[in-house]
1. For the pair Q45 and A201, what calculated FRET efficiency results from E = 1/(1 + (r/R0)^6), where r is the Cβ-Cβ distance and R0 = 25 Å, to the nearest 0.05?
2. Counting helices only, and only those DSSP H runs with n ≥ 4, report the 222 nm mean residue ellipticity of the chain as the sum of -39,500 (n - 2.57) divided by its residues, in deg cm²/dmol to the nearest 500.
3. K266 to A188: FRET efficiency via 1/(1 + (r/R0)^6), r the Cβ-Cβ distance, R0 45 Å, to the nearest 0.05?
4. On a full-extension model of 0.36 nm per residue, what is the gain between V111 and R247, subtracting their alpha-carbon distance, rounded to one decimal in nm?
5. Using only C-alpha positions, report the orientation-averaged shadow area of the convex hull of region 174-299, nm², one decimal.
6. At each listed q (0.14 Å⁻¹), what is the log10 of I(q)/I(0) that the Debye formula gives for the chain modelled as equal alpha-carbon point scatterers?
7. Please work out the Cα center distance from region 126-157 to region 167-181, rounded to the nearest Å.
8. Check each of the trypsin sites (Lys or Arg not before Pro) in region 89-189 and keep only those in coil by DSSP with at most 11 other C-beta atoms within 10 angstrom; list them in order.
Amino acid sequence: MKSVFRALLVPALLWAQPDNPARSIPSAVISDPVVDRANPPWMGQVLVPSHGLGMNGLFYIAGGVGPHPTVILLHGFPGTEQNLDLAQAIRRAGWNVLTFHYRGSWGSPGVFSIGHVLEDVDAAVSFVRRPDIAKSYQIDPVRIVLGGHSMGGFAAAAHARHDVDLAGVLLLDAWNVGMTGDRLSKVARAELPGAAVKEFADLGNSLRGATPLGVAKEIVLHRAEWNYLAWGPGLVHSPLLVIGASRTYGEVNRQLAEAVIRAGGKVTSVTLPTDHGFQDHRIALAAEVINWLEKVSGK
């Protein structure tokens with residue numbers, strides 16, 4: 001089947017068209033690796049410290065002799081989709097993956113807010129770089145990629161603005177929280193509770209201390225500073241992969257990629273013809289990510 005992608009070509013990094021025969025699906029996406037019986041892959045449950053609390057986390061540790069490059073993979077809002085199939089594929093490609101739940105989400109203690117998410121991501125990156133954690137979980141602290149889906153992509157981009165040491169940044173249909181806040185700011189006060197419930201209909205029981213109206217008020221308050229289209233100059237420090245979904249945030253993700261390119265950044269930008277969860281393009285999504293990670297790691 002012929003896939004249709006929209007790729008952004010930049011002089012620093014030429015990205016081939018997906019239907020080009022030279023563009024292959026990495027073996028890690030579709031097959032198990034040869035097992036190193038002396039150093040098999042394993043998992044480690046962790047509590048990631050953030051502001052005095054321990055967030056529930058899980059390390060997927062790659063097989064083979066470490067230390068390994070590591071991806072911190074951030075989930076979205078509210079986090080029902082964790083992209084763990086992608087985490088497993090990344091591990092098969094030789095990378096560790098850390099996933100975790102922000103404070104107040106999915107059983108992690110504390111109260112959830114978007115502002116807390118930004119603090120929690122900073123804390124998680126610091127955790128992975130700790131010498132004792134790097135040793136225990138076979139992490140190469142100079143090869144850390146920060147990535148996220150939806151709100152996680154927004155949070156990854158927010159952190160990357162002030163972290164010049166990341167090996168790369170991965171954004172999966174990143175939600176522009178500021179743009180949503182700007183739209184909600186134009187809703188009449190009496191109508192905001194209903195608009196918030198409609199906007200965040202999937203909140204469920206997953207986020208402690210959060211309500212649709214509370215989240216709406218928070219992002220309205222921070223709408224200017226949380227509009228990532230203004231972040232281009234801060235995202236030039238590390239290679240950036242932006243994968244948008246055409247039926248949701250693909251266009252604004254493309255605009256973010258272009259803003260980073262104008263600022264002098266090294267960007268690979270792809271828009272997949274799918275929905276926000278990449279539900280019918282999971283293999284294509286994993287292939288894009290792992291092909292890019294191989295370039296980041298120098299393979």
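1. 0.20
2. That calculation yields -10000 deg cm²/dmol at 222 nm.
3. 0.55
4. Length gained between V111 and R247: 45.8 nm.
5. Dividing the Cα hull surface by four gives the mean projection, 9.3 nm².
6. Calculated log10 I(q)/I(0) at the listed q: -1.04.
7. 17
8. K186
The numbers here are math on the coordinates, done by the rules we state, and not lab data. Every value quoted in this text rests on a predicted model; they were computed, and no experiment measured them. Cβ sites come from the backbone with ideal geometry, for glycine too, and all protein chains shown count toward neighbours.
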